[in-house]
Amino acid sequence: MKKAQTATLTLENIVGGGQTIGTLTDGRKAFVWGGLPGEQVTIRVTKKKSKFVEGVITEVHHASSERITPVDPDSYLSTSPWQIMNFSAEQQYKAQLIAEAFELHHVTLPTTPTVYTDEQQLAYRNKVEYSWYSDTDPDSETDTLDLAFFRRGSKGKITVDGTSLARPEINTLALEIRDLLRTKPVTARNLKTLLIRCSRSGKCIWQLYLKDHLEDVITAEEAANLSAQGGEIIYSNPKSPASVITERLAAFGDTVLTDEILGVPFRYVAEGFFQVNLPVYEQALTDMAAWIRTASVESNNALSTVDMYSGVGTIGLTIGREHVTLVEINEHAVQEMQRNIHALGREHNAKAILAASEQALDYIHPNNLIIVDPPRAGLHADVVDRLLEQLPPRIVYLSCNPVTQARDVALLSEKYHIVHHQGYNLFPRTPHIENLVVLDKMPH
């Protein structure tokens with residue numbers, strides 16, 4: 001086996017992806033998981049390039065005063081690498097990263113960024129996807145079966161009994177399914193993942209993704225004894241690394257969950273689009289709603305709403321104005337959105353459009369209020385161009401990546417200025433940041 005390369009260095013500051021950066025003796029930058037600014041550490045190098053390396057902490061020689069003991073000491077790097085810092089430091093770093101993202105694109109924010117939190121650091125996720133791991137038990141010479149997560153920085157896996165980020169009902173159900181499968185002639189080689197979702201009321205649904213067509217891997221009677229309202233067995237093409245649905249092999253019980261967002265009911269399935277931290281998401285929606293209510297345009301106060309990148313419609317259908325158009329590229333999300341529109345009796349004033357946002361530019365015009373919540377890549381260039389051409393009075397921009405959001409805002413600043421911004425900690429103990437920017441058209 002090739003010996004792992006190590007290096008000792010002092011870490012300097014946290015960067016956008018969530019790693020901490022330092023400099024090796026040869027001048028290359030090192031992007032490190034598991035470390036904090038100011039710490040002297042030894043790392044195991046996981047990736048080498050001509051100008052930088054990536055690595056994982058193996059030893060801390062001088063610890064930061066912000067360092068704490070992770071709740072999940074074995075698996076935190078896989079799921080939530082910021083478990084190593086106290087929560088006030090996490091809040092501070094997230095606000096700092098928002099500020100740096102906008103500075104990078106020469107955008108001046110009107111106030112110093114802050115990050116909202118409801119203070120719940122753990123047990124907030126309502127969705128978890130587990131992998132599987134098998135090995136040969138030397139005592140019995142039979143294969144073991146464990147839940148697992150992928151190790152950060154390698155192709156290996158780490159076995160787990162759950163994650164502290166998940167609602168406890170999810171971890172409980174995962175262990176029930178693991179223990180049931182341990183009684184069957186299956187190993188991790190037959191399995192792909194286990195996906196579990198949980199509603200606010202604690203009801204769970206599950207999907208077991210298989211690499212092989214297996215008969216009766218879980219029977220109807222066994223499924224009924226699980227602490228879930230329903231579940232599915234799914235064959236997933238083993239050539240795809242992702243858990244795609246190739247064929248539904250069996251379904252048990254009720255496989256649809258219902259939750260309310262700001263009092264509006266939504267139905268969703270295990271594989272569907274839905275937020276994983278509803279209380280903080282509701283706060284973001286409440287803040288956005290205030291800016292949607294007060295939007296106006298010269299000589300026309302009857303604005304309709306266009307919700308681009310709309311998912312299943314959780315923004316447009318909760319806080320959009322009376323008439324709302326929802327644009328989404330994912331076919332399954334649009335199907336769920338149409339079901340939600342029907343269930344709400346809003347067929348007359350809510351329209352779902354199956355299209356990429358850059359192919360639905362005709363819906364952007366001066367009499368529409370625009371909401372955008374794009375993926376990490378940010379807005380498509382054609383969407384930015386159309387906004388600058390049509391000049392809707394207000395753009396409400398929620399983003400999961402402040403760097404691409406700042407890039408887009410820099411482009412829009414030709415005709416728009418920032419009237420409000422606010423960060424949200426939707427994913428505590430991880431580097432992920434949600435950020436809201438409200439842009440108003442500049443007066444002539």
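The values are calculated or read from the model by the stated rules, or taken from the named source; none is laboratory data. What you are looking at is a predicted structure, and each value in this text was computed from that prediction instead of being measured. Counting neighbours? That spans all protein chains shown, and the Cβs are built from the backbone with ideal geometry, glycine included. Each accessible area value is taken on the protein alone, full model and side chains, heavy atoms only, with ligands, DNA and RNA left out. Shrake-Rupley method; radii C 1.70, N 1.55, O 1.52, S 1.80 Å.
Name every residue in the stretch 196-221 that is open to solvent by 10 Å² or more (accessible area, probe 1.4 Å) and in contact (Cβ under 8 Å) with a residue 60 or more places away in the chain, in order of residue number. Of everything in the stretch 196-221, just one residue is open to solvent by 10 Å² or more (accessible area, probe 1.4 Å) and in contact (Cβ under 8 Å) with a residue 60 or more places away in the chain, namely 200. Looking at the structure I just gave you, is residue 257 touching a residue at least 12 places away in the same chain (Cβ under 8 Å), out of contact with any Gly (no Cβ under 7 Å at 6 or more places or on another chain), closer than 24 Å to residue 318 by Cβ and not charged (D, E, K, R)? Here the answer is yes, as residue 257 does meet what is asked. Which residues, counting only those in the stretch 106-121, are buried (at least 17 other Cβ atoms within 10 Å of the Cβ) and either under 17 Å from residue 399 (Cβ atoms) or in contact with a Gly (Cβ under 6 Å, 6 or more places away or on another chain) (or both)? Once the filter is applied, which keeps residues that are buried (at least 17 other Cβ atoms within 10 Å of the Cβ) and either under 17 Å from residue 399 (Cβ atoms) or in contact with a Gly (Cβ under 6 Å, 6 or more places away or on another chain) (or both), the stretch 106-121 yields 107, 113, 115. The residue pairs whose first member lies in the stretch 155-170 and is touching a residue at least 40 places away in the same chain (Cβ under 8 Å), whose second member is part of a helix (DSSP H, G or I) and among the β-branched types (Val, Ile, Thr), and whose beta carbons are closer than 7 Å, counting only pairs six or more residues apart or on different chains, are 163/79; 165/79.
Per-residue answers, yes or no, for (1) within 30 Å of residue 17 (Cβ to Cβ); (2) touching a Pro at 6+ places or on another chain (Cβ under 6 Å); (3) at pLDDT below 95:
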| position | (1), (2), (3) |
| --- | --- |
| 149 | yes, no, no |
| 154 | yes, no, yes |
| 163 | yes, no, no |
| 166 | yes, no, no |
| 171 | yes, no, no |
| 174 | yes, no, no |
| 178 | no, no, no |
| 185 | no, no, yes |
| 192 | yes, no, no |
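Only one entry of 124, 133 meets the criterion of being aromatic (Phe, Trp, Tyr) and open to solvent by 70 Å² or more (accessible area, probe 1.4 Å), and that entry is 133. Where helices (runs of 4 or more DSSP H) sit wholly within the stretch 217-328, those with at least 1 residues that are among the β-branched types (Val, Ile, Thr) occupy 278-293, 316-319.
Does any residue of the stretch 370-377 turn out to be closer than 26 Å to residue 332 by Cα, buried (at least 20 other Cβ atoms within 10 Å of the Cβ) and among the acidic types (Asp, Glu)? Scanning the stretch 370-377 turns up at least one residue that is closer than 26 Å to residue 332 by Cα, buried (at least 20 other Cβ atoms within 10 Å of the Cβ) and among the acidic types (Asp, Glu). When each of 355, 289, 360, 343 is tested for being in contact with a helix residue (DSSP H, G or I) (Cβ under 7 Å, 6 or more places away or on another chain) and either farther than 30 Å from residue 430 by Cβ or open to solvent by 10 Å² or more (accessible area, probe 1.4 Å) (or both), the lone residue that passes is 289.
Close Cβ contacts (under 7 Å, 6 or more residues apart or on different chains) running from residues in the stretch 339-362 that are within 21 Å of residue 329 (Cβ to Cβ) to residues that are of a type in the set (Phe, Trp, Tyr) and outside any helix (DSSP H, G or I) comprise 340/266; 357/309. Against the test of being surrounded by fewer than 21 Cβ atoms within 10 Å (Cβ to Cβ) and of a type in the set (A, V, I, L, M), the options 284, 250, 228, 270 yield a single qualifying residue, 250. Against the conditions (1) open to solvent by 40 Å² or more (accessible area, probe 1.4 Å); (2) modelled with pLDDT under 95; (3) over 22 Å from the mean Cα position of the chain (by Cα), residue 385 satisfies every one except (2). The conditions of being among the polar types (S, T, N, Q), over 25 Å from residue 264 (Cβ atoms) and surrounded by fewer than 16 Cβ atoms within 10 Å (Cβ to Cβ) are not met by residue 405.
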